[in-house]
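For reference, the structure is listed below as structure tokens.
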Amino acid sequence: MIEGIFETAAYMQNRELSWLKFNERVLLEANRPEMPLLERFKFISIFTSNLDEFYMIRVGSFMDSILLGNELNDNKTGMSVVDQLNEVYRATAPLYILLNHAYSLVRAELAEKSVCLMSMNRLTPTELKIAKKHFEYNVLPMLSPSIIDTKHPFPHIPNKQLHIAVTLERKKGNSFGLVAVPSEADRLIFLDSKENRSRFILLEDLILYFADMVFGVYTVIEKHIIAVTRNSDIGTVEEFLDEDIDFRQVMKSLLKKRQRLAPVRLELMTHTSPGMLEFLCNKLGLKVPQVFYSKAPLDLSFVFSLSNHFSKETVEPLLWPTHTPALTLPASARADMLKYVSAKDVLLSYPYESMLPFLTLVRQAAENPSVLSIKITLYRLDAQSKLAESLILAAENGKEVIVLMELRARFDESNNIEWANRFEEAGCRVIYGLVGYKCHSKLCLITRKVSGKLQYITQVGTGNYNEKTAKLYTDLALITANEEIGRDTAAFFSNMLIENLDGEYTQMLVAPNSFKHRIIELIERERLKAISGKQGRIKLKCNSLTDKEIIEALVLAGSDGVEITMNIRGICCLVPHLPNVSDNINIFSIVGKFLEHTRIYCFGEGEDQKLYIASADFMTRNTQRRVEVACPILDPDIKSKILEMLDVMFEDDTNSWELLSDGRYVLRPRKDVNNPKSSQELFTQDAQKRAAAIEYEDNSANNEGNSINPLKRIFRSITDKFNLF
């Protein structure tokens, strides 16, 4: 221990404030002039949806703790719940100023490129007629306005549904009114022909403009677009789980509550009168610091579909070129993945490399007579999942299929419930995790009998089995026939089936039982090296770092000379570069085109180096309240590849932000202005080059084979087609 440091926690910062700094980095991506305009607009939308979720979950959980009287001080900074909330509100307000600036800038630049989001007061007389006609015939009949007075109570405002709030003048005094913006109506209303689209308005702006028509006999003297954010932190009620009821029904009932929980934030697009503000705060149970003003639309979800409404010529220059993950395994390998991975470990790096080889492996396993069972953990699935269809096929083919489905994957609960139903109907055995612990691990085990012996093929990853996000998130997936890893994985599934968290494993680190203490032992091993005069080195990449004990171990190791480099995308509660405390610790954050999601832990160097890929971040929820898995990399070639990837990421000077000792993040300066190093771009280029080389070899082999036997071309085309389902 370092005297005086752990008591004062000078090297730690608050989790919530660190997260807000991360979201600020996301927003600042919208200010990059070299980025295509619609991509910049998407970053603004991502920022707002991130902030929505933060208030729904994090702020919501703080509000709950106050109501329940379970106010615990932050174990890293000593801040009370009330202090943290006040700091969150204070830190959020400047973000809206940055949001307003970024939105105004991008909106103006898009208008110059014929993507014009218009204000109602900027419409031409002809356009205003078109808008009014659309409102009268297509919108007004759908509206259900509410007058709020002694006879008409304040209506429920669902979470994040846009509303128009008005002050009405009437004979007996003013009153207030509300009208919901119908979610089933088209948000985008175009004012020109479909063949020559450029100018459009938003539905909420249209309703706001014609609010007088909505409220008929009343005179509207004040009107605003508003949105209420509600607490959505719906943890499962543990006592329910001990009863003999269907866990899916519990989750369905809890999901219904999400729209009705207490408000935690009010957003408006214009400043209100004191009377209107007091009225809304009183009815919603909010205080003024929980009210924020945005010039950007309060729902920016339309941004991701915006390109669908314009011509190809208009939108192509405004978007990144379409990214296609590379196929980096030869056709011969994909033709029989079971055989290929039995002889050679495979590492896939998403989204640079395609998920197709793994999907092909599972599909072939579902149809191969030698395969006895497929077991898998599922946290988030695509709504249209080829993987899920293969699991269903395997069950229909009489194989044992065990799916450990986590129904509590936040905001994916409904989708997971639907898939769970389909799995059970097909004959899969579905289990729903352990009481009190989310199963967040990423494991798939294929068991088959070869020459009378059992063989395990294990896939372990850092990200979800979701074909959609595999094209957007950076993740690693290892496929191996290593017997020790296979036995560990088999033991893992056996333990999960009987809710045993205390299982023992020879290779894998499994939370919550053996994970954290083993990580701390590995950190301590490097510290003891440094104390003895040897080189101690730790390299880490994960999404967040909040676990106090791990932070303490890292700081202690760094203060004793261990060289520590970390790529932490989001929350980081450790402050680096403090003299004699954390001056050997360097922390970076990459925010780029793809969402950084990979978890890699590297301890030491040379022959005794330990390298893992994992599902877990170094957060207390991962180390103590989730079922997580870290798997060692044993293949020398794959180990070298991952270490090279770490080095490239640590050299990034394009999308990399450095954390300073005062808690600020600054973009890392470019070493060579004419030769910027973007790790994501370099990984993309490398994967495409390898795929091109493999395609060339495949074509050469095809041409050589076809010159001998023309029927081979037909055969190969048929097998390739079926491998692609």
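Largest to smallest in accessible area, the residues Thr324, Thr229 fall in the order Thr324, Thr229 (1.4 Å probe, all protein chains included). Using the average count of surrounding beta-carbon atoms within 10 Å as a protection proxy, the listed peptides 675-688, 494-507 rank, highest first, as 675-688, 494-507.
Give, rounded to the nearest 20 debye, the magnitude of the charge dipole that the chain has about its Cα centre when Lys and Arg contribute +1 at Cβ and Asp and Glu contribute -1 at Cβ. Walk me through the intermediate numbers first.
Numbers: 87 positive and 94 negative charges, 324 e Å.
Dipole about the Cα centre, nearest 20: 1560 debye.
Enter the accessible area per residue of the chain (Å², integer; probe 1.4 Å; all protein chains in place).
On the way: 32110 Å² over 725 residues.
It amounts to 44 Å² per residue over the chain.
If you sort the three axes of the alpha carbon gyration tensor as a ≥ b ≥ c, you get a/c of 1.5 or more for the range 368-459 and a/b above b/c, which makes it prolate. Modelled this way, with points 7 Å down the Cα-to-C-beta line, the labels at Glu367 and Ser301 are 3.8 nm from one another. Neighbours of Lys76, meaning other residues whose beta-carbon lies under 9 angstrom from its beta-carbon, give a summed charge of +1 when Lys and Arg score +1 and Asp and Glu score -1.
Its DSSP H runs of at least 4 residues, each contributing -39,500 (n - 2.57), put the calculated 222 nm mean residue ellipticity of the chain at -12000 deg cm²/dmol, to the nearest 500. Counting only whole DSSP H helices of the chain, the ones at least 18 Å long by C-alpha along their axis and with mean Kyte-Doolittle hydropathy no lower than 0.0 are 37-54, 81-112, 636-650. Gyration tensor analysis over the Cα atoms of the range 287-391 returns equivalent ellipsoid semi-axes of 41, 21, 13 Å (largest first, whole Å). Magnitude of the charge dipole for the range 523-657, about its Cα centre and with charges confined to Cβ atoms of Lys, Arg (+1) and Asp, Glu (-1), is about 420 debye.
Accessible surface for Leu28 stands near 50 Å², nearest 10, in the context of the full protein assembly shown (1.4 Å probe). Roughly speaking, what % of Cα-Cα pairs in the range 596-642 are separated by over 14 Å, rounded to a whole number? When every Cα pair of the range 596-642 is considered, 53 percent fall beyond 14 Å. Each residue, Asn100 and Asn421, gets one label point 7 Å from its Cα in the Cβ direction; the gap between the two is 4.6 nm.
Among Ser114, Ile551, Tyr55, flag the residue with its Cα farthest along the positive direction of the charge dipole of the chain, charges on Cβ as +1 for Lys/Arg and -1 for Asp/Glu. Towards the positive end, the residue furthest out is Ser114. Taking the charge dipole of the chain about its Cα centre, with +1 at Lys and Arg Cβ atoms and -1 at Asp and Glu Cβ atoms, the residue from Leu188, Phe43, Leu72 reaching farthest to the positive side is Leu188. Taking a 20 Å limit on the Cα-Cα distance, which of the listed pairs Lys386/Lys471; Lys339/Lys689; Lys21/Lys442; Lys344/Lys449; Lys132/Lys295; Lys21/Lys471 fall beyond it? Checking Cα-Cα distances, Lys339/Lys689; Lys21/Lys442; Lys132/Lys295; Lys21/Lys471 exceed 20 Å.
Rank these residues by their accessible area, most exposed first, probe 1.4 Å: Ile564, Ile221.
Numbers: Ile564 0, Ile221 90 Å².
Largest to smallest exposure gives the sequence Ile221, Ile564.
Across the range 474-479, rounded Karplus estimates of 3J(HN,Hα) from the backbone phi angles (6.51 cos²θ - 1.76 cosθ + 1.60, θ = phi - 60°) give 7, 8, 10, 9, 9, 10 Hz, Gly and Pro being marked x. The mean of 1/r over all distinct Cα pairs in the range 438-572, once inverted, gives the Kirkwood hydrodynamic radius of 17.3 Å.
With the charge dipole of the chain set up from +1 on Lys and Arg Cβ and -1 on Asp and Glu Cβ about the Cα centre, the Cα lying farthest toward the positive end among the listed residues Asn231, Asn567, Ala630 is that of Asn231.
Which whole-number value in Å³ per residue fits the convex hull of the alpha carbons of the range 482-560? Let's see the in-between values first.
Values: hull volume 9.8 nm³, N = 79.
Enclosed volume per residue, from the Cα hull, is 124 Å³.
Spacing of the modelled spin labels on Val666 and Thr506, each 7 Å from Cα toward Cβ, amounts to 5.1 nm.
In terms of Cα atoms, the Rg and Dmax of the range 577-657 work out to 14.6, 39 Å. Across all Cα atoms of the range 285-327, the radius of gyration (one decimal) and Dmax (whole number) stand at 17.8, 54 Å. Seen from a random direction on average, the alpha-carbon convex hull of the range 60-176 projects onto 13.5 square nanometres.
Amide H contacts for Leu407 (H built 1.01 Å from N in the peptide plane; partners 5 or more residues away or on another chain; cut-off under 5 Å): none found. Segment Gln535..Leu67, full-extension length gain: 163.4 nm, with 0.36 nm per residue of separation and the alpha-carbon distance subtracted. Computed log10 I(q)/I(0) for the range 138-212 at 0.19, 0.23 Å⁻¹: -0.85, -1.10, from the Debye equation with unit scatterers placed on every C-alpha and solvent omitted.
Averaging sequence separations of C-alpha pairs under 8 Å and six or more residues apart, then dividing by the length of the range 375-479, give the relative contact order as a whole percent. Numbers along the way, then the final one.
Numbers: 168 pairs, mean separation 33.1, N = 105.
Computed over the range 375-479, the figure is 32 percent.
Summary value for the chain: 11 percent relative contact order, contacts being C-alpha pairs under 8 angstrom separated by 6+ residues. Taking amide H as placed 1.01 Å from N in the peptide plane, Asn567 has its amide H under 5 Å from the amide H of Leu540, Lys541, Cys542, Phe588, each at least 5 places away in sequence or on another chain.
Based only on Cα atoms, what Rg/Rh ratio does the range 24-103 have, Rh being taken as Kirkwood's radius? The partial results should precede the final answer.
Numbers: Rg = 15.7 Å, Rh = 14.2 Å.
Ratio of gyration radius to Kirkwood radius for the range 24-103: 1.11.
Extension gain, Asn121-Val435: 0.36 nm per intervening residue step, less the Cα-Cα distance, totals 107.4 nm. Each listed q (0.33 Å⁻¹) maps to a log10 I(q)/I(0) for the range 553-598 from the Debye sum over equal C-alpha point scatterers, namely -1.20.
If you put +1 on each Lys and Arg Cβ and -1 on each Asp and Glu Cβ, how big is the dipole of the range 47-154 around its Cα centre, in Debye rounded to 20?
Details: 10 positive and 12 negative charges, 122 e Å.
For the range 47-154, the charge dipole is close to 580 debye.
Take the Cβ atoms of Glu39 and Asn174, set R0 to 45 Å, and the FRET efficiency comes out at 0.50. Dividing the convex hull volume of the alpha carbon atoms of the range 13-54 by its residue count gives 47 Å³ per residue.
Restricting the calculation to Cα atoms, the range 348-507 yields a radius of gyration followed by a Dmax of 14.8, 45 Å. Between Lys641 and Lys312, the contour length at 0.36 nm per residue exceeds the Cα-Cα span by 114.6 nm. Take Asp186: with every protein chain present and a 1.4 Å probe, its accessible area is about 120 Å². Carbon and sulfur together cover what percent of the accessible area of the chain at a 1.4 Å probe radius? Summing carbon and sulfur atoms, their accessible area is 51 percent of the total for the chain.
The values are calculated or read from the model by the stated rules, or taken from the named source; none is laboratory data. Since the structure is predicted, the reported quantities are computational estimates derived from the model, not experimental observations. Quick reminder, even Gly has a Cβ in these numbers, built from the backbone with ideal geometry, and neighbours come from all protein chains shown. Just the protein is used for accessible areas: all its heavy atoms, side chains included, with ligands, DNA and RNA removed. Shrake-Rupley method; radii C 1.70, N 1.55, O 1.52, S 1.80 Å.
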